[in-house]
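Enquirer: For reference, the structure I am asking about is given below.
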2 protein chains.
Amino acid sequence: MTIDQALQYAQAHRSRWLDRLGEFVGIPTVSTASEHANDMVRGAQWVANQLSQLGFASEIARTSGHPVVLAESTAAGKGAPTVLVYGHYDVQPPDPIGEWRSPPFEATIRGEDLFARGASDMKGQLVAQLSAVEAMQKAGPLPVNFKYLVEGEEEVGSPNMPSFVQAHHERLHCDVVLNVDSMILGPALPSIVYGLRGLAYFELRVFGPSHDLHSGQFGGVIQNPAQVLCELLAGMHDSQGRVTLPGFYDKVRPLEPEEREALAQLPNRDEEVRSFTGVSQMWGEKGFTLAERIGARPTLEINGLLSGFTGEGSKTVLPAKAMAKISMRLVPDQTPEEVHEQLLKYLKERAPNTVKWEVTSLAGTTPAVVRRNTPAMQAAVTALTQTFGRPPVFTREGGSVPVVSLMQTLLGRDSILLGFGLPNDNLHAPNEKLHLPNFYRGIECYIRFAYALGA
Amino acid sequence: MTIDQALQYAQAHRSRWLDRLGEFVGIPTVSTASEHANDMVRGAQWVANQLSQLGFASEIARTSGHPVVLAESTAAGKGAPTVLVYGHYDVQPPDPIGEWRSPPFEATIRGEDLFARGASDMKGQLVAQLSAVEAMQKAGPLPVNFKYLVEGEEEVGSPNMPSFVQAHHERLHCDVVLNVDSMILGPALPSIVYGLRGLAYFELRVFGPSHDLHSGQFGGVIQNPAQVLCELLAGMHDSQGRVTLPGFYDKVRPLEPEEREALAQLPNRDEEVRSFTGVSQMWGEKGFTLAERIGARPTLEINGLLSGFTGEGSKTVLPAKAMAKISMRLVPDQTPEEVHEQLLKYLKERAPNTVKWEVTSLAGTTPAVVRRNTPAMQAAVTALTQTFGRPPVFTREGGSVPVVSLMQTLLGRDSILLGFGLPNDNLHAPNEKLHLPNFYRGIECYIRFAYALGA
């Protein structure tokens, strides 16, 4: 059978897929850092070349930010369904770089893992899907038509995706979106994400005196902006772990009893999370389970803090300013615009007159939930079941994939979130890794998904 | 008269004193930064050379940290009083370096000010005193004997001074200490500092997960150490601006009514401080005036904050750790050791079990108050009155000069704090400056002080 030939080809050429991934992670496509602008272009070219080599008509399309790679093939014919593969070639910054055990932009294999920035999020997933296409082509005609949309700004909140998808609406027409920027719960525990949190990311700056002051000469008479910042940030949670921004929970869709029941069926991950993160005790909003807190409840995090003197030793300075990066993870029906307003309202109510402050919005993504009763979802379930020997569980993920809600709104299409990262892959952190057995299983699963959908 | 000749010489050679200061500030003697270790040695050598050229027996003495310059001359004879001049050749780091209008280690004159790190704190004061000695030598025999103790660790809390002064107790024997690390309230408002706050400086580190986490995957179930740090820091003040560490005010000597009355006679500096610092509104402990808050009340400041991602753009990280530099300014009879204990007690009571934390003590200085009814103090009053045309006011300063309490304890001698910095000299901040008219008046005042004391 064709599918078996494709699976055999995929298994026989693992070193080829590995080399391909090594090449891709070697390009430091850090979208947030302007010094990597040229690497971003190289990254887009690399993806476009791969698609051309597979016989796709591919193109690098400009945006006002980083370029987008588009490609398509109608080889399967008009009767076959069309799958739009969504991915991104950009990665998070490697900071703090000193904590990497091997260079972040050099694929390094230790044990069963390949270490590199982007290995799991998500160059590994994209390479797995492309490798699956190659294997299927070697075995016979493709069972479905593929289109590709691979952007370079997912890690900075996909600011250009809305206008881009709108502008290319006709060209991106498809039956279903295959979003490969996803993960499963464990190497033996296949899962499908059907809910994603949204994101609203801000920089808050508090300004005190016009310049740094001597803390002895002025300490006690001038309000310290670092202290004001700490007080403002501390006040954003109450003692129950709830966010205190005015109206923050007003639009949060309550969990239905049946969904709470389904989430309660998931294996208990408390011990796994505790051990992976090294903390002695969990934390979070009272009254919700871990799965509910991660997938179905909104949060507010401090992502960064900077003020005054942070070098070696002591410097007795009363700093002129203090900065925090803060972000909220959102759930339906919150919107980034509304939490922005809530943040401003909170600051207007709480910030003392002794300082000035300003807020910059750095990223915004709407949360999304997709339907579980479609033919494409059934194809994904079949592929995962055959690959892992057990049916997948359905989960809601804590992270954000901006394009999922976008595809619902602008193309009217649900996304199938099918990717093979693992919770302990150190996404966005030092020593990001890809579990290679999962990489190989991922290739097989993408093959099975296409044949199941095309059947 | 000899004194007039000395004053004339000082006035006639101003460009010589200015060149000397330019040379001294050109050496980046940043004591807290290990990469400046060689510059520290160069700084000590520069001071020792100056003293040798004045005919003093000088020596560079080792410590376990930066070296100390010692020198003495008994040219005035046994009947004359001996003055121990104390100073320091080290300076604060120039950070944030981007905010300097001219290179921090290059004397740059704009208007009546000379800009450079250390220009006011306190290379300018030391050069003024050395220049006064040269002028007196040119005019005739010195009216008093001088000894010198010039250390290189004042800006990091003088960690080696206690053992050094103890070990050189005999050699440092004197009648009075002339501490030139000081300032006056305004170019037309001479003042003498008789009280100095102490200092206790700490680094507080809060540890959450063992490594940085993806804020979407783990936000809401793992306590964020930056949030814990902010909550701990925010709780260190109450709504009245009082410090909440347990027992913090127990040892604070209440201000006597007569001292409050004397401090109330000082010119009101609110408007000056507001305008210099650029804030719209003052802040501080309720129930005390500005002069009282600065000189006679203890404070707690955040000197630095660092956690997570602080670069350009957004990174959705839940940081593994968070750090704050915090320091307390102390008044009699607080001690650095006791506030350290109070800080630990506060943290033990307040820090949640979800994180680990540690505190490092980086500097400690006992506060000091000196007597106002001694002959040396009278000589200082005379010198200031003659130089500025009006008698000085007595003030308590907000900063710390560790060696003042040390000299009381180990040598049994009060210090006369006679220096000519100004409140708006940008000490410890970018664009530190020295007001040159004050520099020249300072030289004359040191001459008058020596003759008045020797008379």
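Enquirer: At q = 0.08, 0.14, 0.17 Å⁻¹, work out log10 I(q)/I(0) for region A:133-280 with the Debye formula, treating every Cα as an identical point scatterer and leaving solvent out; two decimals please.
Expert: Ignoring solvent entirely, the Cα scatterers give -0.52, -1.17, -1.33.
Enquirer: Of the DSSP beta bridges with both residues in chain B, give the percent that are antiparallel, rounding to the nearest 5.
Expert: The antiparallel fraction comes to roughly 70 percent.
Enquirer: With a cut-off of 20 Å, note down the residues of region B:35-66 whose backbone N falls inside the zone around a label point 7 Å from the Cα of residue B:23 toward its beta carbon.
Expert: Hits in region B:35-66 for residue B:23 at 20 Å: B:38-61.
Enquirer: Something else about it: Largest first and in whole Å, what are the equivalent-ellipsoid semi-axes of region A:57-108 based on the Cα gyration tensor, each being the root of 5 times an eigenvalue?
Expert: 35, 16, 9
Enquirer: Kindly report the accessible area of region A:246-321 per residue (heavy atoms of protein chains, probe 1.4 Å, no ligands, DNA or RNA), in Å².
Expert: 45 Å²
Enquirer: Moving on. Under 13 Å between alpha carbons, and skipping anything fewer than 8 positions from residue B:286 in its own chain: which aspartates and glutamates qualify?
Expert: B:238
Enquirer: Another one. Are there any GluC sites (Glu not before Pro) in region A:142-246 that are in a DSSP loop and have at most 11 other Cβ atoms within 10 Å? List them by number.
Expert: Qualifying residues, ordered by number: A:170.
Enquirer: Relative contact order (percent) for chain A, with alpha-carbon contacts under 8 angstrom and 6 or more residues of separation?
Expert: 26 percent
Enquirer: Can you pull the percent of region A:365-429's accessible area that's carbon plus sulfur, 1.4 Å probe, other chains left in place?
Expert: Of the solvent-accessible surface of region A:365-429, carbon and sulfur hold 49 percent.
Enquirer: Where a Cα-Cα gap under 17 Å defines reach, which aspartates and glutamates qualify for residue A:78, not counting those fewer than 8 residues away within the same chain?
Expert: Once the sequence-local aspartates and glutamates are set aside, what remains near residue A:78 is A:170, A:175.
Enquirer: Next question. Give the A-B buried accessible area in Å², both sides summed, 1.4 Å probe, nearest 100.
Expert: Buried surface at the A/B interface: approximately 7700 Å².
Enquirer: Still on this model: Ranked from the most accessible area to the least, with a 1.4 Å probe and all protein chains present, what is the order of B:348, B:286?
Expert: Output order, biggest surface exposure first: B:348, B:286.
Enquirer: What nm value, rounded to one decimal, do you get for the distance between residue B:109 and residue A:390 when each label is placed 7 Å out toward the C-beta?
Expert: A separation of 8.3 nm, rounded to one decimal place.
Enquirer: Right, next: For the cross-link pairs B:251/B:348; B:123/B:325; A:325/A:433; A:348/B:345; B:315/B:345, which exceed 29 Å when the distance is taken from alpha carbon to alpha carbon?
Expert: Listed pairs above 29 Å: A:348/B:345; B:315/B:345.
Enquirer: Sort A:380-387, B:432-439 by the packing proxy (mean of other Cβ within 10 Å over each peptide's residues), most packed first.
Expert: Taking the mean over residues of other Cβ atoms within 10 Å, the ranking is B:432-439, A:380-387.
Enquirer: Moving on to the next point. Just checking the output field for A:229-236: average partner chain Cβ neighbours within 10 Å of each residue's Cβ?
Expert: Rounded to a whole number, the mean comes out at 6.
Enquirer: Once the dipole of chain B is set up with Lys and Arg at +1 and Asp and Glu at -1 on Cβ about the Cα centre, which of B:132, B:208, B:100 lies farthest towards its positive end?
Expert: The listed residue farthest towards the positive side: B:132.
Enquirer: Can you compute the FRET efficiency between residue B:239 and residue B:371 using 1/(1 + (r/R0)^6), with r the Cβ-Cβ distance and R0 = 25 Å? Round to the nearest 0.05.
Expert: Efficiency computed from Cβ-Cβ geometry: 0.05.
Enquirer: Between copies, how far apart are the residue B:275 label points? List them in nm, one decimal, shortest first, with each point 7 Å from Cα toward Cβ, please?
Expert: Those separations, rounded to one decimal, come out as 6.8 nm.
Enquirer: How big is region B:366-455 along each principal axis, measuring the range of its Cα positions in Å and listing the largest first?
Expert: Over region B:366-455, Cα extents along the principal axes are 38, 32, 19 Å.
Enquirer: If you don't mind, there's one more thing I want to ask. On a straight-distance basis, which aspartates and glutamates could pair with residue A:138 in a cross-link, Cα separation under 20 angstrom, same-chain partners fewer than 8 positions away excluded?
Expert: A:4, A:19, A:72, A:444
Enquirer: Just which residues of region A:200-216 lose 40 Å² or more accessible area with every protein chain there, against their chain alone, with the probe set to 1.4 Å?
Expert: Output list: A:201, A:211, A:212, A:214, A:215, A:216.
Enquirer: Give the distance, in whole Å, between the Cα centre of region B:84-143 and the Cα centre of region A:298-318.
Expert: Here the answer is 32 Å between Cα centres.
Enquirer: Now for a separate question. Highest mean first, how do A:109-116, B:364-371 rank when packing is the count of other Cβ atoms within 10 Å averaged over residues?
Expert: Numbers: A:109-116: 18.2, B:364-371: 22.1.
Those peptides, ordered most packed to least, come out B:364-371, A:109-116.
Enquirer: Assume the label is 7 Å from Cα along Cα to beta carbon: what separations in nm does residue B:389 have to the matching positions in the other copies?
Expert: Copy-to-copy label distances for residue B:389: 9.8 nm.
Enquirer: Next question, about the same structure. For Cα pairs less than 8 Å apart in space and 6+ apart in sequence, what is the mean separation divided by the residue count of region A:288-371, i.e. the relative contact order in percent?
Expert: It comes to 29 percent, rounded to a whole number.
Enquirer: How would you order B:205-216, B:132-143 from highest to lowest mean count of nearby Cβ atoms within 10 Å?
Expert: The peptides rank, most packed first, as B:205-216, B:132-143.
Enquirer: Using a 4.7 Å Cβ cut-off, which Cys residues in the protein assembly as shown lack a partner cysteine?
Expert: Flagged as lacking a Cys partner: A:174, A:445, B:174, B:445.
Enquirer: Over region A:86-188, give the accessible area per residue in Å² for a 1.4 Å probe, as an integer.
Expert: 31 Å²
Enquirer: Any chance you could get the radius of gyration and Dmax over the Cα atoms of region A:1-95, in Å?
Expert: 16.0, 49
Enquirer: Counting only C-alpha contacts under 8 Å and six or more residues apart, can you give the relative contact order of region B:367-455 as a whole percent?
Expert: Result for region B:367-455 is 37 percent.
Enquirer: From the label point of residue A:19, set 7 Å from Cα along Cα→Cβ, how far away are the matching label points in the other copies, in nm, ordered shortest to longest?
Expert: Counterpart label points of residue A:19 in the remaining copies fall at 7.2 nm.
Enquirer: Still on this model: Could you work out Rg/(2.2 N^0.38 Å) for chain B, with Rg from alpha carbons only?
Expert: Details: Rg = 23.3 Å, N = 455, 2.2 N^0.38 = 22.5 Å.
Dividing the Cα Rg of chain B by 2.2 N^0.38 Å gives 1.03.
Enquirer: Tell me, what is the Rg over Rh of the protein assembly as shown, with Rh the Kirkwood radius over Cα pairs?
Expert: Result: Rg/Rh = 1.10.
Enquirer: Mind putting a number on the dipole of the protein assembly as shown about its Cα centre? Charges go on the C-beta only, +1 for Lys and Arg and -1 for Asp and Glu, and I need it in Debye to the nearest 20.
Expert: The calculated dipole for the protein assembly as shown is roughly 200 debye.
Enquirer: Of B:194, B:380, B:148, which is farthest on the positive side of the dipole of chain B, counting Cα position, with +1 on Lys and Arg Cβ, -1 on Asp and Glu Cβ, and the Cα centre as origin?
Expert: B:380
Enquirer: Using unit Cβ charges (K, R positive; D, E negative) and no other charged atoms, how large, in debye to the nearest 20, is the dipole of region B:150-301 about its Cα centre?
Expert: 380 debye
Enquirer: For residue A:350 and residue B:45, what is the calculated FRET efficiency with R₀ set at 56 Å and r taken between the beta-carbons, to the nearest 0.05?
Expert: Working: r = 54 Å, r/R0 = 0.96.
Step by step, r from the Cβ atoms, then E = 0.55.
Enquirer: At 0.36 nm per residue, minus the direct Cα-Cα distance, what do residue A:101 and residue A:272 gain on full extension? Give it in nm, one decimal, please.
Expert: Value of the extension gain: 59.3 nm.
Enquirer: A follow-up question, please. Using a 1.4 Å probe over the heavy atoms of the protein chains, calculate the carbon and sulfur portion of the accessible area of region B:246-307 as a whole percent.
Expert: 50 percent
The values are calculated or read from the model by the stated rules, or taken from the named source; none is laboratory data. Keep in mind that this is a model prediction, so the values were computed, not measured. For neighbour counting, all protein chains shown are included, and Cβ atoms are generated from backbone atoms with ideal geometry for every residue, glycine included. Heads up: the accessible areas ignore ligands, DNA and RNA and are worked out on the full protein's heavy atoms, side chains in. Shrake-Rupley method; radii C 1.70, N 1.55, O 1.52, S 1.80 Å.
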